[in-house]
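**Student:** Sending over a structure as structure tokens; questions will come in a sec.
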């Protein structure tokens, strides 16, 4: 009865999310990554999964919500529906690639480029047209962090990821994550009645235990971690603890939202997946940062 009440577009998104999540879990155990990792490094292993599963869920919307997706393609670009289907297909393939490590460096590089193009072609122009609406700027920063996470993963997967080119990529990725984190730290405190983590335009539901506490916790950790990432100090630890904080917010705030609004893409799954993907981007950055004895 519960399944029958959930629209088909939501079911497809959950199916893609679950499939990629399970494939990612199987992979980290089959490769022996879990057995070799120690301490918080085990959390970092979830970076590709937390990033890729939401990416797969969002990909399905390109097929179930095609008209809406096509409408946000820049007007000067031809073939709006083609780009909606094309990007959706690429996101599904990229999500599977990231968790299986099959052509993962290429996939991560292309996802990073795609997210950057989203920012440059859609979200920055929207922000400039609506300077008084914080949501457009927040989305632009969110997509920038998504680009940074994928770029960091591509650098980490490089054959010689500590060489000059890879170091430049990880530095750019670090800034792409650090700057949004610092802005989010302010927004979470300034708009403490709204959802934390990725501070979008939704009031935190009354049923969330702790309510505004999560905004202040997130704001404090984001501020410290963002500064450390920006100045390049204790970067691996900063990104790891930041990822752990976002995951805690995900479990305390967004999982309940996804359960209560399980039949909705816009009010349920998308909020949960959005913040989890941000968590994944941060953990991907953590994995690309050198250990303190290597700096």
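**Student:** Residue 193: without any contact (Cβ under 8 Å) to a residue 60 or more places away in the chain and either more than 29 Å from residue 48 (Cβ to Cβ) or in contact with a helix residue (DSSP H, G or I) (Cβ under 7 Å, 6 or more places away or on another chain) (or both), yes or no?
**Tutor:** In short, yes.
**Student:** Go through (1) exposed (fewer than 15 other Cβ atoms within 10 Å of the Cβ); (2) at pLDDT below 95; (3) under 21 Å from the mean Cα position of the chain (by Cα) one by one and return the number of the condition residue 22 breaks.
**Tutor:** (2)
**Student:** Same structure again: Considering only region 54-65, I want to know if a residue exists there that is in a helix (DSSP H, G or I), free of Cβ contacts under 8 Å to residues at least 24 places away in the same chain and more than 25 Å from residue 138 (Cβ to Cβ).
**Tutor:** Among the residues of region 54-65, not one is in a helix (DSSP H, G or I), free of Cβ contacts under 8 Å to residues at least 24 places away in the same chain and more than 25 Å from residue 138 (Cβ to Cβ), which makes the answer no.
**Student:** Inspect region 27-38 for any residue being closer than 21 Å to residue 61 by Cα, loosely packed, with under 12 Cβ neighbours inside 10 Å and at pLDDT below 95 and give the result as yes or no.
**Tutor:** No, that holds for no residue.
**Student:** Please go through region 23-40 and pick out each residue that is assigned to a helix (DSSP H, G or I) and without any contact (Cβ under 8 Å) to a residue 24 or more places away in the chain.
**Tutor:** Correct list: 26, 28, 29, 30, 33, 34, 35, 36.
Per-residue answers, yes or no, for (1) at pLDDT below 90; (2) part of a loop (DSSP other than H, G, I, E, B):
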residue: 198; (1), (2): no, yes
residue: 208; (1), (2): no, yes
residue: 216; (1), (2): no, no
residue: 222; (1), (2): no, no
residue: 227; (1), (2): no, no
residue: 267; (1), (2): yes, no
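**Student:** Could you say which residue among 92, 139, 135, 124 is crowded, with 17+ Cβ neighbours inside 10 Å, at pLDDT below 95 and assigned to a helix (DSSP H, G or I)?
**Tutor:** 139
**Student:** For region 251-268, what are the residues that are under 20 Å from residue 217 (Cα atoms) and surrounded by fewer than 22 Cβ atoms within 10 Å (Cβ to Cβ)?
**Tutor:** Answer for region 251-268, where residues must be under 20 Å from residue 217 (Cα atoms) and surrounded by fewer than 22 Cβ atoms within 10 Å (Cβ to Cβ): 251, 252, 255, 256.
**Student:** What pairs can you find where one residue is in region 1-17 and on the phi < 0 side of the Ramachandran plot and surrounded by 13 or more Cβ atoms within 10 Å (Cβ to Cβ), the other is part of a helix (DSSP H, G or I) and modelled with pLDDT under 90, and their Cβ atoms are less than 8 Å apart, with a gap of 6+ or different chains?
**Tutor:** That search, which allows pairs on different chains as well, returns 9/265; 10/265; 10/268; 13/265.
**Student:** If you don't mind, another one. Given the structure, is residue 193 in contact with a strand residue (DSSP E or B) (Cβ under 6 Å, 6 or more places away or on another chain), more than 22 Å from residue 155 (Cβ to Cβ) and surrounded by fewer than 18 Cβ atoms within 10 Å (Cβ to Cβ)?
**Tutor:** yes
The values are calculated or read from the model by the stated rules, or taken from the named source; none is laboratory data. Quantities reported herein were computed from a predicted structural model and do not represent experimental measurements. Using ideal geometry, Cβ is built from the backbone for each residue, glycine included, and neighbour counts are taken over all protein chains shown.
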